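Structure record follows, encoded as structure tokens.
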Amino acid sequence: MNKFAVVVLGIAVLFCAGCSSIGGAVSHRFLCADYGKSMIWIVSAEGEVEWEYAARKPQDVWQMKNGNILFTHVKGAKEVTLDKKVVWEYTVGKDEEVHACQPLGDGNYMVAVSGPCEIREINSAGKVVKTVKLVTNQENKHRQMRQARKLVNGNYIVGHGSDKVVREYDSDGKVIRTIAVENFAFGGWRLANGNTIITIGDGHRVFEIDANDKVVWEINENDVEGNPIRFAAGIQRLGNGNTVVCNWGGHGHVGEQPQIFEVTPDKKVVWEVFDFEKFGTISGVQLLDKKGDVRKGKILR
């Protein structure tokens, strides 16, 4: 039995009125950070594991233009080749954690460090070349931050976990925008049209707002049949307007719903990954058939 579910609308409609899923098997080769199994995976379009690398509780992961894989592992970030040679690594102190990283256009790396709650930009030699202090009300380092991104204009956008806000900072660390949410703020991503898409962990919600904070699109907990939002984690927005959502199943829901799904703007499921034999709880994903240089912000995730 293929554990990567094929969602077929014609069948589903027989069993549920108003079902929003549409047909389509997994057809994308993808990279993901499996927090539950402490692994980085590359998975074929047929659902088979092509590549794996052990990483302690990874949240964020990227494939670089040269094929290398950059990822977080709680105590830092690491870049490895596909033959598993470490080519760059940054490790934080015992009272610090890392849940987000990003390759930057100048060849440096951004690492979000919880504990001191700050952004560090680090060069290829492992030297910190810039530090940006962030704002938090949380002393518990594990609850300060999840996703963080540097924007093309030099600003930073950060999901401040238990503060229940997404904050945007200028290049010097001044707060220039605060978006309050109803639960754990996992992350915010700035889209090409200027809108911001936000995921709210145990708030069971993914939503998009415009520059005036007006909600222009959202998925609430039970909006997508067969894909109840549990802990909304990493996402990828595709060029066709679809959104790939990591439905992290921790906090009491492991095994109950698909780990990843792609959904259209009108909330129809294109494909989903539902395989708790191979995979655990997945926090981040990158579709590898969507081309673009991640250092130049060409992949919105």
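To check you understand DSSP bridge types, tell me what percent of the beta bridges within the chain (both residues inside) are antiparallel, rounded to 5.
In the chain, approximately 100 percent of DSSP beta bridges are antiparallel ones.
Over the chain, calculate the relative contact order: mean separation of alpha carbon pairs under 8 Å at least 6 apart, over the residue count, as a percent.
Over the chain, the number comes to 17 percent.
Check cross-link reach from Lys127 to the lysines: straight Cα distance under 25 Å, and skip same-chain residues fewer than eight apart.
Qualifying lysines at Cα under 25 Å: Lys57, Lys65, Lys75, Lys78, Lys84, Lys85, Lys94, Lys141, Lys150, Lys174, Lys296.
Subtract the Cα-Cα distance of Lys296 and Asn68 from 0.36 nm times their separation in residues, and report this length gain in nm to one decimal.
My answer for the length gained is 80.5 nm.
May I ask you to derive the relative contact order of region 108-267, considering only C-alpha pairs under 8 Å and at least 6 residues apart, and to give it as an integer percent?
Relative CO of region 108-267 lands at 11 percent.
For the chain, what ratio Rg/Rh do Cα atoms give with a Kirkwood hydrodynamic radius?
0.95
What FRET efficiency comes out for Glu221 versus Lys85 if R0 is 45 angstrom and r is the Cβ-Cβ distance? Round to the nearest 0.05.
0.60
Using the basic label-point model (7 angstrom from Cα toward the beta carbon), what is the Ser171 to Ala54 distance in nanometres?
My value for the distance between the label points is 4.2 nm.
Once you list every other residue whose beta carbon is under 14 Å from the beta carbon of Lys78, what net charge do they have if Lys and Arg are +1 and Asp and Glu are -1?
+2
Could you line up Phe71, Phe274, Phe261 from fewest to most neighbouring Cβ atoms inside 10 Å?
Listed from fewest to most nearby Cβ atoms, that is Phe274, Phe71, Phe261.
Between Ala125 and Ala192, what is the FRET efficiency for a Förster distance of 41 Å, r being their Cβ-Cβ separation, to the nearest 0.05?
After rounding to 0.05, the efficiency reads 0.80.
Calculate the spin-label point distance for Asn140 paired with Thr264, positioning each point 7 Å from the Cα along the beta-carbon direction, and give it in nanometres.
With each label point 7 Å from Cα toward Cβ, the separation is 4.1 nm.
How would you order 77-89, 56-68 from highest to lowest mean count of nearby Cβ atoms within 10 Å?
Listed from highest to lowest mean packing, they are 56-68, 77-89.
Using the Cα centre of region 36-108 as the reference point, and only Cβ charges (+1 on K/R, -1 on D/E), how large is the resulting charge dipole? Debye, rounded to the nearest 20.
With only Lys, Arg, Asp and Glu charged at Cβ, the dipole is about 200 debye.
Only the coordinates and a few stated rules stand behind these numbers; no lab work does. If you're wondering where the values come from, they're calculated on a predicted model, not measured in any experiment. Heads up, the Cβs are rebuilt from the backbone with ideal geometry, glycines too, and the neighbour counts pull from every protein chain shown.
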